[in-house]
Amino acid sequence: MAITQAMCTSFKQELMLSMHNFHPTGASAASTFKLALYSSGATLNASTTGFVTAGECRGTNYATAGSALTVVGVTSGSTSGFVDFADLTFLNVTLAADGALIYNSTPFTSNNAGTTLTNAAVAVLDFGGSKSASAGDFTIVFPAATSAAAIIRIA
């Protein structure tokens, strides 16, 4: 079992089919993106196609399927495009997480090929080891969207 940081391959194809809408949260037709936390028992990588419960964290005050992300905006710089998410805090939790999955809980339901998507995977995050909180806040800090380190960056 392993968590390997990657932009999911299925997501790359789904972008070409207009299945994801990164308009800022609250905008008309904006997709709802979520982040779920996973333990070392999870297998997540570029071939992950959707949200999975296997290996998802269990802990006090952590809701199954994670929490919604806030899309702050989409920008470009030089030759790359970036998505910016607001930092996400899981409040007063007790858990240990080794990684996370960003997924779209509201992708457009079908494309021209007749594919129906549910909880479509976007990106896998590897924390580089176990991170924990004990009756405290667990915060995912996203890098600046204009940075080469942006989580979702198309170059």
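The values are calculated or read from the model by the stated rules, or taken from the named source; none is laboratory data. Quantities reported herein were computed from a predicted structural model and do not represent experimental measurements. In this analysis, Cβ positions are derived from the backbone assuming ideal geometry, glycine residues included, and neighbour counts consider all displayed protein chains.
Numerical summary
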item	result
Some residue of the range 93-101 being in contact (Cβ under 8 Å) with a residue 40 or more places away in the chain, of a type outside the set (Asp, Glu) and outside any strand (DSSP E or B)	no
Test: residue 132 is out of contact with any Leu (no Cβ under 8 Å at 6 or more places or on another chain), on the phi < 0 side of the Ramachandran plot and in contact (Cβ under 8 Å) with a residue 24 or more places away in the chain	no
Some residue of the range 60-72 being more than 15 Å from the chain's Cα centre (by Cα), under 19 Å from residue 7 (Cα atoms), surrounded by 14 or more Cβ atoms within 10 Å (Cβ to Cβ) and in contact (Cβ under 8 Å) with a residue 24 or more places away in the chain	no
Out of 106, 75, 89, sole residue that is over 16 Å from residue 130 (Cβ atoms), of a type outside the set (Asp, Glu), touching a residue at least 40 places away in the same chain (Cβ under 8 Å) and not in a strand (DSSP E or B)	106
Criterion violated by residue 35 - all others in (1) surrounded by fewer than 17 Cβ atoms within 10 Å (Cβ to Cβ); (2) hydrophobic (A, V, I, L, M, F, W, C); (3) in contact with a Phe, Trp or Tyr (Cβ under 9 Å, 6 or more places away or on another chain); (4) within 18 Å of residue 85 (Cα to Cα) satisfied	(1)
Pick from the range 1-31, criterion hydroxyl-bearing (Ser, Thr, Tyr), surrounded by fewer than 15 Cβ atoms within 10 Å (Cβ to Cβ) and assigned to a loop (DSSP other than H, G, I, E, B), ranking: farthest from the chain's Cα centre (by Cα)	28
Test for residue 93: is it surrounded by 14 or more Cβ atoms within 10 Å (Cβ to Cβ), under 16 Å from residue 51 (Cβ atoms) and either at pLDDT 95 or above or not aromatic (Phe, Trp, Tyr) (or both)	no
